[in-house]
Amino acid sequence: MQDYAAPWFRARRQQGVDDTIYYGMIAPSSGQRYVFSVPHEQCDGVGAFMRLLRCSGVHDWQGITGKPATIPGFFSCLRTRPNHPPVQAPNWRRRAMAPVDAADQLIALEPFSVEQTTQLRSAAKAASVSLNSLLLAAFHNVIAEQLLLEGGGSWFVPVSLRGALQLPSDEMNHASGIYLSLPALAQKEDIQSQLSQGLRRNEHWWLWHQARLVATLGGQWLVGRLLPLLQQRHYLGSFSSMGEWNIDWSDSLYPQELLMWGVPPGSPSYPVSACWLICNGQLVLSLKLNAVLGLGSERCRSLLRDWCRALTKPLSEQDEYQEESEHG
């Protein structure tokens, strides 16, 4: 089986839109970063991590590997595909004067403690939602409040297809995704419902089938012709979950405390790139803003800080309430 995502990323790069995945490690104690990059044409995010671990000499690790699954048929996905209304473009407060794309935009990172990560897991479980839904709700509301004039927009949420796709290399693109349309104020329960419905309807497989069909029938030429039409649709960006990883760095030349991080490439049509993962029990958030938004590095850092505050403030309030109850 071929990597049917590769022609699309190749066409994107040929048309001047950067497809570079940045990833690496961060030391929580010092903030020191180790930064690597790979074209999305070659790897998805999980594949990039696998490449990093193998090149670093790490042998003892657990991460996303997928479970055996059957690919639903084209016509089955066609019958259950959703009838979504036309995508509403985000109403950004500001954009750069000309369409631009920069490969060297700042990436803001924030590691959480094991305790904070455990508390967030518990909060998601108590609300009967996934951690992904809890994190996206907090992030979306920060972006909508601070970067949009009004309304909301749509996010692309990648979905792993590992275990079903049999590609020549496990580092290749084993991913598709689901689009979530959210109002100005999103609730984690609504996000969870949309994600669950999308997965049940195999929306991620429907996107994969479409990409496969175009790449198979028309090759690189047709992909290159269709991509500019798709890039005319505008979204808030990509919100990626890289799952949970347990890494023993002792076989490498790196410190044992390191946590992995990664961020989607983004583009002028998907200008906000966010990612989360858990490494050795600690949540790591990452954020990158495309230059088309006309925002600087400090704005990127402040948005990430506000996202973190939106997540940790309810935890602090809950702790204060419990202390008052115990001493009440």
Considering residues that are within 13 Å of Pro271 (Cβ to Cβ) and either surrounded by 20 or more Cβ atoms within 10 Å (Cβ to Cβ) or within 11 Å of the chain's Cα centre (by Cα) (or both), the number found within the range 146-160 is 5
Going through the range 284-300 in order, the residues found to be basic (Lys, Arg) and at pLDDT 95 or above are Lys288
- Task: Kindly indicate whether any position in the range 215-223 is surrounded by fewer than 18 Cβ atoms within 10 Å (Cβ to Cβ), among the polar types (S, T, N, Q) and in contact (Cβ under 8 Å) with a residue 40 or more places away in the chain.
- Result: yes
Subset of the range 177-193, residues small (Gly, Ala, Ser) and either part of a strand (DSSP E or B) or touching a residue at least 40 places away in the same chain (Cβ under 8 Å) (or both), comes to Gly177, Ser181, Ala184, Ala186
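For (1) at pLDDT 90 or above; (2) of a type in the set (Val, Ile, Thr); (3) within 22 Å of the chain's Cα centre (by Cα), each residue gets a yes or a no:
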position	(1), (2), (3)
Val17	yes, yes, yes
Ile26	yes, yes, yes
Arg51	yes, no, yes
Trp61	yes, no, yes
Asn83	no, no, no
Pro90	yes, no, yes
Flagged pairs (Cβ under 6 angstrom, 6 or more apart or on separate chains; first in the range 300-316, basic (Lys, Arg); second modelled with pLDDT of 95 or more) are Arg301/Ala108
State yes or no: is Glu244 more than 22 Å from the chain's Cα centre (by Cα) and modelled with pLDDT of 95 or more? no
Conditions (1) on the phi > 0 side of the Ramachandran plot; (2) surrounded by 23 or more Cβ atoms within 10 Å (Cβ to Cβ); (3) not hydroxyl-bearing (Ser, Thr, Tyr) -> Asn280 fails only (2)
Taking the range 1-20 and keeping only residues that are hydroxyl-bearing (Ser, Thr, Tyr) and surrounded by 19 or more Cβ atoms within 10 Å (Cβ to Cβ), one is left with Tyr4
Scanning the range 227-238 for residues that are part of a strand (DSSP E or B) and on the phi < 0 side of the Ramachandran plot gives Ser238
Q) Among the residues of the range 194-215, is any closer than 19 Å to Asn83 by Cβ, among the hydrophobic types (A, V, I, L, M, F, W, C) and not in a helix (DSSP H, G or I)? A) no
Practice task
Could you tell me whether any residue of the range 222-238 is closer than 30 Å to Val114 by Cβ, among the small types (Gly, Ala, Ser) and out of contact with any Ser or Thr (no Cβ under 6 Å at 6 or more places or on another chain)?
Solution key: no
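The values are calculated or read from the model by the stated rules, or taken from the named source; none is laboratory data. Only a predicted model underlies this, so the values are computations on that prediction, with no experimental measurement involved. Note: ideal-geometry Cβ built from the backbone for every residue, glycine included; neighbour counts use all protein chains shown.
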